[in-house]
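Down below is the structure, laid out as structure tokens.
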Amino acid sequence: MRENNACCEFSNNTQTYLKDFSCILDRMIKGMTCADLNNSISHNFIVQMIPHHKAAIKMSENILKYTTNITLQNIACNIIKEQTQSIADMESILSCCSAQTDSAQNLNEYQDRVSKIFDRMFCRMKEAKTVNSVNCNFLFEMLPHHEGAVAFSETTLEYCICPELKSILNSIITSQKRGICQMKELVDRLNC
């Protein structure tokens, strides 16, 4: 995990927040890397994106325990609402999407590309800058999380996937790009 600068003193709230984030991140990584993959890109996207979404929900619930910043509260509540709905949408189409299979060549190429996206996202989240501000820490952690989801979704759209999944992917891309802009603006406003 991240090594904190020895000269930095973190409040009890910050330390507890960071400890909980570390557990959430570990569960997300395990869920995404140990997902039950098969010979369907559509299936594989869903079973790897669901733990990613679940982590965003848990991260948002974590920050809501500490923050008094109304903009950040709104961002976190929107993440919970949107990603809870996205999980339900993906679960409802999983069985039909799993029936659409792909060639071994496409599967291997896809999973190789996706693994690189995951590795970069996991690394950036693990090594996110830590300061004695839960608000800034959440933003530093959630930005690479959202950017990873956008890259994962855009890559998946390049392949032949089940039609029901396309609208979900486009919705993920749109909502998370909007969230990235909101969070970057807040980073500047909070002088993170």
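Extension gain for the segment Glu154 to Asp188, taken as residue separation times 0.36 nm less the Cα-Cα distance, is 9.5 nm to one decimal.
Only helical runs count toward this figure. For the chain, summing -39,500 (n - 2.57) over DSSP H runs of n ≥ 4 and dividing by all residues gives -27500 deg cm²/dmol at 222 nm. Relative to the longest principal axis of the C-alpha atoms of the chain, give the angle of the C-alpha long axis of helix 163-189, reported between 0 and 90° and rounded to the nearest 10°. Here the helix axis deviates by roughly 20 degrees.
Taking loop as defined by DSSP and a crowding limit of 15 other beta carbons within 10 Å, which GluC sites (Glu not before Pro) in the stretch 84-192 fit?
Those that pass, being in a loop and sparsely packed, are Glu127, Glu158.
GNM remark for the chain: springs join alpha carbons under 10 Å apart, and the peak mean-square fluctuation among Asn78, Asn170, Asn69 falls on Asn69. The length gained by stretching the chain between Gln111 and Lys126 to full extension, at 0.36 nm per residue less their Cα-Cα distance, is 3.2 nm.
Among the GluC sites (Glu not before Pro) found in the stretch 1-87, those both in a DSSP coil and sparsely packed, with 10 or fewer other Cβ atoms within 10 Å of their Cβ, are Glu3, Glu9.
For Lys166, list the lysines whose Cα falls under 24 Å from its own Cα; do not include residues on the same chain fewer than 8 positions away. Here the lysines satisfying the reach criterion relative to Lys166 are Lys54, Lys81, Lys116, Lys177. Taking Cα atoms, how many degrees apart are the long axis of helix 134-157 and the longest axis of the chain, rounded to 10 and kept between 0 and 90? Orientation of helix 134-157: about 10 degrees from the principal axis.
Helix 70-98 and the longest principal axis of the C-alpha atoms of the chain enclose an angle of approximately 20°.
Bear in mind that the values in this text are calculations on the coordinates, not laboratory data. It should be emphasised that the depicted structure is a prediction, and the values quoted were computed from it without experimental measurement. Because the Cβ atoms are built from the backbone with ideal geometry, glycine has one as well, and the counts that use them run over all protein chains shown.
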